[in-house]
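Quick notes on the structure that follows.
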Ligand code: MIC
Ligand code: SF4
């Protein structure tokens, strides 16, 4: 029996455990990436592990999220990150150089390598056949130090592509089709592997759009094989020597197969307020207030040149605002040299920095009650920065068509020529905004810049004998990390945990933080009760770290998404599931609750415990590996890692 590509790469990198789908394995990580919003905390944690160097083949620190710089906070973070990169031998991609995933794809991602990134869209690099996984910053810090990354050996879904895309149907519509089938929940522990003759029709940036937004299904990652098209892309990036062929064995066995005929794909959108809410553009008839083109999903050279060609010679309607953020400096300078930029400006587009910007809601928030058409990957309620805005996620050609007409428009209805743009044979290569590592001898003396925004990472105490406190909040299904730990205007506090903790659950319950800290100060524990797919979306570990700071000891949910569940464990919060989902009804906000003997249960490797709430006994399940139980006993991954390295040093 042959192997899937996923299994091949994982087996080649196996560092701990034996490979069996559903079981935990540890893998060696070749490359890491961080971005500033998660990276500052990741490097603070790396520092507190006391390591002198990174142990990966390549680690890159990007600054792309917090580039607004209103106040000193973001700039303090940038200076800290630059000095850390200098000290530890990490590549530093400076603000302005572009969005981490776009730049990593262009300049660093390699077929067959493992990549761990402190951002949920790290799977973008799956477009070149890299096994690229998003994780919390602490997991990335451990991997940077040479520690294994632990994940569930996945079940692999074969997404089999046949045929080729018709004009105006795009890679974005392919991934929206996949989302319409898989939805945003129920895919934990799976990987989407793309196969079939339809693949050869897709360029690497198109494949990367698909693997990028695959994150919204909740899979561990998505991956394409590395073929002649991959080689062509790497050659155009001046990196042909980094090409290796990567493919599944002919007789590979998959968990299941999704058949997608590319000829049948048509323009689609994710309607408010979930990426999984997929509708046909033809079925929408809505005026638009704002159109935003960019983000790590759709901001490549071809995406923007197609947009420019469509907009050429036209003008932005009076009631519409159009913002365009090229994904990288390479894209920006290429569209400038090839005349695209001029066409965009003449149309009336507002040209934005090559960064995350609008996608994370820290700029370009639309007006009240508006409709915003965006080429990004998430449209959770309020993520744009405007609570009642309705965000539709589409391809760049649909966004451009909508900017032309002022209403959501299927570009086929414009009756204009299809803007056929080929991927360049040679991209503009200028790595001047990436600072490479210095030789080891010259970097040791580097002084780390710690402005007032750089706090200490809080460390948790060991797991107590019993958990005893209150249900401080009860939420329903599909609560995302944007609900738990808002970004946007609050993003600048990422390096200041006490301050950022004031905003935990702000979009759903403004008083949560003060209630939780009062309970913590009275030596009681806070418990969160949740519905299905709790913690969807981002990898932000602050959605676990800040609750930990507020004294949260347990989350009891119908189900918890992969990265968030791992982050909870990493910060010493026990992720429980209900033995009977209907018990969610028995745990309203404010109820006193006790989980007796939790420490003992973790020590004795029990899977089931119970909670007592007002004379009712509620059965709870723990789906944890032995390693995770030990992490929880220690109070989190940081104390666990420090303890483990002390024990190792003593043993020598
Ligand atoms: C996002 O798209 O939600 C983010 C912002 O990129 C996050 C990371 C973060 O919260 O810093 C992600 O996707 O992991
Ligand atoms: Fe940045 Fe948006 Fe991509 Fe997240 S999804 S990395 S905020 S562009």
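Only the coordinates and a few stated rules stand behind these numbers; no lab work does. Bear in mind that the values here come from a model prediction, so they are computed numbers and not experimental data. When we count neighbours, we look across all protein chains shown, and the Cβ atoms used for this are built from the backbone with ideal geometry, even at glycine.
The ellipsoid that matches the Cα gyration tensor of region 109-167 has semi-axes, each √(5λ) in whole angstrom, of 27, 13, 10, with the longest given first. From most to least packed by mean Cβ count within 10 Å, the peptides 397-410, 325-338, 538-551 give 538-551, 397-410, 325-338.
Working note: Cα gyration tensor of region 474-572, eigenvalues times five, square-rooted, sorted largest first, giving semi-axes of 18, 16, 13 Å. Taking region 109-123 and a reference point 7 angstrom along Cα→Cβ of residue 256, no backbone N atom is nearer than 17 Å.
Translational diffusion coefficient of region 254-339 at 10 °C, 1.306 mPa s, Stokes-Einstein with Kirkwood Rh over Cα pairs, in µm²/s as a whole number. Stokes-Einstein gives a translational diffusion coefficient of 101 µm²/s. By the Kirkwood approach, averaging reciprocal distances over each pair of separate Cα atoms, region 449-495 gets a hydrodynamic radius of 14.6 Å.
log₁₀ I(q)/I(0) of region 326-477 at q = 0.14, 0.16, 0.19 Å⁻¹, via Debye over equal Cα point scatterers, no solvent, to two decimals? Results for region 326-477 at q = 0.14, 0.16, 0.19 Å⁻¹ read -0.98, -1.11, -1.32. The value for region 360-419 of Rg(Cα) / (2.2 N^0.38 Å) is 1.20. Scattering from the chain was approximated by placing one identical point on each alpha carbon and applying the Debye formula without solvent; log10 I(q)/I(0) at 0.07 1/Å stands at -0.41. Summarised as an ellipsoid, region 1-69 has semi-axes of 31, 16, 11 Å, derived from the eigenvalues of the Cα gyration tensor scaled by 5 and square-rooted, with the largest first.
As a calculated quantity, the FRET efficiency between residue 608 and residue 180 at R0 = 45 Å, using C-beta atoms, amounts to about 0.80.
The Rg/Rh ratio of region 8-157, with Rg taken over Cα atoms and Rh as the Kirkwood radius over Cα pairs, comes to 0.98. Full extension of the chain segment joining residue 594 with residue 16 gains 204.5 nm, where the gain is 0.36 nm per residue of separation less the Cα-Cα distance.
A viscosity of 1.306 mPa s and a temperature of 10 °C, combined with the Kirkwood radius over C-alpha pairs in the Stokes-Einstein formula, give region 100-259 a diffusion coefficient of 101 µm²/s. One chain, two ends: residue 57 and residue 585. Fully extended at 0.36 nm per residue, the span grows by 185.1 nm beyond their Cα-Cα distance.
For the pair residue 369 and residue 420 in one chain, pulling the backbone fully straight at 0.36 nm per residue adds 14.8 nm over the alpha carbon distance.
Placing one equal scatterer on every Cα of region 419-471 and applying the Debye formula, the log10 ratio I(q)/I(0) at q = 0.21, 0.23, 0.24, 0.31 Å⁻¹ is -1.06, -1.10, -1.11, -1.19. Please work out the FRET efficiency for the pair residue 509 and residue 449, using the Cβ-Cβ distance as r and a Förster radius of 30 Å; give the result to the nearest 0.05. For R0 = 30 Å, the calculated efficiency reads 0.25.
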